[in-house]
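The values are calculated or read from the model by the stated rules, or taken from the named source; none is laboratory data. The structure presented is a predicted model; accordingly, all values stated were derived computationally and were not measured. A quick note on method: Cβ atoms are made from the backbone with ideal geometry, for glycine too, and the neighbour counts reach across all protein chains shown. Heads up: the accessible areas ignore ligands, DNA and RNA and are worked out on the full protein's heavy atoms, side chains in. Shrake-Rupley method; radii C 1.70, N 1.55, O 1.52, S 1.80 Å.
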Amino acid sequence: MKKIAELKRVIKASDVGYSRDEIVAFVPEKHFPITDKSRTLLQRAANCYDALSDIRERRKRSRRYYRGDQWQDMVTVSINGEKKTMTEEEYIQSQGKPALKQNLIRPPVRNLIGQFRSSPYKSTVFARNSDNSLAAEMMTVALESAYEMNNGKERDARLLQEFCISGFPIYEVGYKYDIKREKSIPKFRAVNVNRFFLDPESSDVVGDDVSIVGEIIDISKDALISHYAETTEQEMELRQIYASVNPENVTKKALSSDNVDNISFYTPTSNNLCRVIKVCVLEGEWMIDCHDYLDGTRTIMPISELDNVNLENEARLAMAQSTGEDVPMIKVRKKFVQRWVYYHLSPYGHIIFKKVNPYEHKSHPYVFLPYPLVDGEVWGMVEDLIDQQRMVNRMNILLDFVISASAKGVLLIPEECIPDDMDIEDIAEEWAKYNGVIKIKTKQSVQLPQQIVASNFNVGITDMINRQVQWMQDISGVQNAQYGKSAGSGTSAARYRQETANASLNAVDYLESFGSMLIERDWKLLQIIKQYYTDKEYIALAGNEYSEEAHYYDPSIIKNLDFDNTMQKDKDTFTSRFVAEDSIMMLLQQGLITLKQYLSVSNTQYSKKLLKQLEELEQQEQPSMEQMQSMLQQIQQQTPASNPTGLAASRALLNGSQGTM
């Protein structure tokens, strides 16, 4: 009853407008304490997050241009002698013209994603020892199954899009509960750059030199309790920590970029969500390095285990003295060891979760690729195309101005022709209309209004636009051949294929760099599978690429083996399937393989059905042959030995029936 009363007191305090610091003062720190170390770590994480503000701003601008919102850069202009700051779109519209744009940034990015989808990457596991090929194939099946459960094809394609926009793709890899499957599975998900932070001193392209990394997440109160509370007391304490969160007070937009553009480190994006800061940091402590010369193993253990190691050495020494034989000892030395420690903190500094190296890969759960990381600079392909895109838009608007001005030109009207009920502004307004009517006064000595139209000449705007488009293709590395555009007259098919192949080389760096990140992600997935798949199970996987034995995952075979993975282009594409199908069909026609062998390796839609029908037919025919053999044996037994002719005939018939089988 006392705890419930405290909870009500906290909620009442939040309702009347207490600050967060005052609310935290009410919360007892029994299960989720606030320490000086947690406060220091929280502040360090906040500083790391602020250090990435430049990348977040440039990514926001690149995303706007990629989407087509390309006139939102701020400009300062002088209007009637007064300087005003406004967007480029507002300034162009103030000139009486629409802010025209032709989005040429999305096509090369979509083309790059299309190349990736048409020939995706695929990890293959191999064992350090060639004798463990079945175990390696077993791990490949498990890895591919985890990839399919996470809908990896779609996730990779969307992360490649992020790679083109910001140059900073990020994955989180872990082992989490899946609601749809009602069990924990290896999972990976993309992390938005606006929620990510890392060590500002990091300069390695694969992040091997980071000492702190993490992200800020917003989850519902029920999800918070589900993840972190193990008892009702912990649930109540979490509710007190996040007492200011109102599940019904949704204050953010749906499907809007504002939710990530305006993120604060300490405050959630909506009042109905709980902010949690995930921090992974390298922490060092003195441990003992034990080298056991008996079996050659080397183990890092806490210093608290030193007494047990000494007892083992004393027992071995006593054994050596009693037997008179040399017994290898355990050599011990102290060593300062750095290990990754996982913290989940509240915005106030409560330690909601803490664990040392929960995964056997002994690293943080994130995989990222800052590209190209030239002197610490990170940018994506979209940022390279922005200047050319701006020039194309500017040329289009300039061309629109030229066409509009040359259509009607300038109107010269004598003052004597202006009616009494109109002024020059009224006449200008009517002149600007395509169906405008201008009323004038006429006199014999007064000239009529005249239209002066400048001769329209080619100022090179169209040529400039074409040049900018060509430059965009050169910068992005995506040429006309990759878009599938028709070649010029007289271009042979061989030359067009060569042009397409040469154009693809320009995109190799983007795709190979992205593929190297996927290798690291799959390696961490591999270690998680090896760690958490502890039961024998059958892993269902479509296709006939792997042996039936590899689908039966056996942790006893996997446990003590060392695996690695490599990345290669997936062979399951239309072109590769067509070539393979044509090759095995040729072998069948030449009689080098049987129909059953052909159907077992074919990928045609009817092959599996035909193979099953063929096997059922063989099973139906097999009993009749056995019955025939049994019948012939009975005839042979009943034939008298004194009848050599009948005995020889029955033997010949028996041998013939066996030959047909």
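Quick notes on this structure:
- Compared with the rule-of-thumb size 2.2 N^0.38 Å for a compact globular protein, the range 84-182 has a Cα radius of gyration ratio of 1.79.
- Among Tyr598, Tyr538, the order of accessible area from largest down is Tyr538, Tyr598, computed with a 1.4 Å probe on protein heavy atoms.
- Three-way shape label, the range 147-285, alpha-carbon gyration tensor, a/c 1.5: rounded
- For the set Arg189, Arg128, Arg59, Arg39, the ranking by accessible area, highest first and with no ligand, DNA or RNA atoms included, is Arg128, Arg39, Arg189, Arg59 under a 1.4 Å probe.
- Using the 1.4 Å probe convention, the accessible area of the range 221-374 works out to 54 Å² per residue with neighbouring protein chains retained.
- Semi-axes of the equivalent ellipsoid of the range 209-281 are 22, 20, 9 Å, computed as sqrt(5λ) over the eigenvalues of the C-alpha gyration tensor in descending order.
- Share of carbon and sulfur in the accessible heavy-atom surface of the range 278-318 [1.4 Å probe, %]: 56 percent
- For the range 23-121, a simple Cβ point-charge model (Lys and Arg +1, Asp and Glu -1, everything else neutral) yields a dipole of about 460 debye relative to the Cα centre.
- Based on Cα contacts under 8 Å between residues 6+ apart, the range 33-186 shows a relative contact order of 17 percent.
- In this structure, the pairs whose alpha-carbon distance is over 30 Å, taken from Lys176/Lys334; Lys153/Lys278; Lys524/Lys608; Lys180/Lys278; Lys83/Lys441, are Lys176/Lys334; Lys524/Lys608; Lys83/Lys441.
- Carbon/sulfur fraction of accessible area - the range 345-435, other protein chains in place, 1.4 Å, %: 52 percent
- Rolling a 1.4 Å probe over the protein heavy atoms leaves Glu88 with an accessible area of roughly 20 Å².
- Model label sites at Glu305 and Ala157, defined 7 Å from Cα along the beta-carbon direction, differ in position by 4.8 nm.
- Structural size metrics of the range 238-389, computed from C-alpha coordinates, are Rg and Dmax of 26.2, 86 Å.
- For the range 57-99, the square roots a ≥ b ≥ c of the C-alpha gyration tensor eigenvalues yield an a/c of 1.5 or more together with a/b not exceeding b/c, which makes the shape oblate.
- Here the range 190-234 is treated as a sphere whose radius is the Kirkwood value from Cα pairs; by Stokes-Einstein at 37 °C and 0.692 mPa s it diffuses with a coefficient of 250 µm²/s.
- Anisotropy class of the range 132-190 from Cα gyration tensor, a/c 1.5 cut: oblate
- 1.4 Å probe accessible area per residue over the range 62-155, in Å²: 52 Å²
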